[in-house]
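One structure is given below, encoded as structure tokens.
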Amino acid sequence: MRRAVTGAMALSLAAPLAACGSDQQDTGPGKDSIGLLLPESKAARYEKFDRRIISSRVASLCLECKVDYHNAEQQVDAQKRQFDALVKKGVKVIILDPVDAAAAKSWVDSAAKKGVKVIAYDRLAEGDVAAYVSYDNEKIGRLQGQGILAALGAQAAASDVVMMNGSPTDPNAPSYKKGAHAVLDGKVRKIVYEKDIPGWSAATAKKEMGDFIDAHGAEGFGAVYSANDGMAGGIAAALKSAGIKNVPVGGQDAELPALQRVVAGTQTFTIYKEVRPEAETAAEIAFRLLRGKSIKSLTSATADNKTKSGIPAQLFKAQMVTRKNMKNTVVRDGAVRVDLLCADGLAAECKSLDLE
């Protein structure tokens, strides 16, 4: 997704986080440095929330610790250079959200042989990772599938569904897809079209949706599964351009534009994944590994990648957000500011949902 995630955090939290000094970019090699490598800045969450929350939590745990942060801007080669530079500096713990999980294997394995602990964050990297912090991604896919079925209601068994899946290089994408298929297969008439979208590109999802509509017409499908909110935005735009209304569209990440589409009725649901518990847990695991302490109490599950089994993991639960429960989920939790949610001509819709 990416997720990706993926996940949305409160825009209202940004100011207090900055006030706590979490945006500080002190770096340095050695025993008190923790590397943080995020994959891109296209999704709002990474720069606004993950980076700040992780840095803030590390600072609260360890005054002398420094976070050495870099963003790969979706470039695998750039992330490899960033990773190698951290290892060369002598950084012993790296929080890694990989651009390409498979490509990261050789770096992770090489670093592990040098005593570097790598925490796979949000996406499970291949190789000898020391811990993994994310959400239960197959369950998220199941939630998305359930959202589509609920939206179709009694028409589900007679409905064809279009599926726009996540990027082939994101290890979370197959889990979302697997979970969604587990729910949809046999419950809808047919998955009439399915495509993995490179880079989670909204523009590509829009084009694919538009091409499908051109080829099959407005009656060629009954709902659209979108693996994340960014692509759902492109899909919603394609439907609007074709004059198609009232077709269920799902997403994931609870990003502000998606929540606004849910309020407006052009997106049916999104999946809400709180960034704070995920980011703070990753930060605490990193600190404990840095100091040689046990992480057992922070890793209640295990995960397997293709080359290592039993990786200590913490997998959080997500929840579906619709018009009906928005007030008691993202709004209640402060994950979105109501004044921003209800901007852009949505005041009347917000009033009808008691979101004022």
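The values are calculated or read from the model by the stated rules, or taken from the named source; none is laboratory data. Small disclaimer: the values here were computed from a predicted structure and weren't measured. Backbone-built Cβ (ideal geometry, glycine too); neighbour counts: all protein chains shown. Just the protein is used for accessible areas: all its heavy atoms, side chains included, with ligands, DNA and RNA removed. Shrake-Rupley method; radii C 1.70, N 1.55, O 1.52, S 1.80 Å.
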Hey, any idea what % of the chain's accessible area is carbon plus sulfur with a 1.4 Å probe? 50 percent
Largest first, what is the accessible-area ranking of Leu340, Leu184, Leu289 with a 1.4 Å probe? Leu340, Leu289, Leu184
Taking the structure as given and computing percent of Cα pairs over 36 Å apart, which label from (i) 21; (ii) 30; (iii) 25 fits? (i)
Two-site label geometry, Ala343 and His216: point separation in nm, points 7 Å out along Cα→Cβ: 3.7 nm
Taking one equal scatterer on every alpha-carbon of the stretch 211-353, how large is log10 of I(q)/I(0) by Debye at q = 0.14 1/Å? -0.78
For the stretch 246-356, report the accessible area per residue in Å² (1.4 Å probe, heavy atoms, rounded to an integer). 47 Å²
Considering only protein heavy atoms, with the full assembly of protein chains and a 1.4 angstrom probe, order Lys308, Lys245, Lys92 by accessible area, largest first. Lys245, Lys92, Lys308
Tell me which of Gly243, Thr268, Leu289 sits at the most positive position along the dipole axis of the stretch 230-299, charges placed on C-beta atoms (Lys, Arg +1; Asp, Glu -1). Leu289
Report, in debye and to the nearest 20, how large the dipole of the stretch 286-356 comes out about its Cα centre when Lys and Arg carry +1 and Asp and Glu carry -1 on their Cβ. 660 debye
With every protein chain kept in place and a 1.4 Å probe, the residues Glu208, Glu219 fall, from largest accessible area down, as Glu219, Glu208
The relative contact order of the stretch 235-281, taking Cα pairs under 8 Å that sit 6 or more residues apart, comes to a percentage of 35 percent
Estimated vicinal HN-Hα couplings, Hz - the stretch 157-173 in sequence order (Karplus 6.51, -1.76, 1.60; Gly, Pro = x): 5, 9, 9, 9, 10, 9, 10, 10, 8, x, 5, x, 8, 8, x, 6, 4
Solvent-accessible surface (1.4 angstrom probe) belonging to Cys342, in square angstrom, nearest 10: 30 Å²
Chain lengthening between Ala150 and Glu194 when straightened (0.36 nm per residue, less Cα-Cα): 13.8 nm
Can you give the relative contact order of the stretch 100-177 as a percent, counting alpha carbon pairs under 8 Å and 6+ residues apart? 31 percent
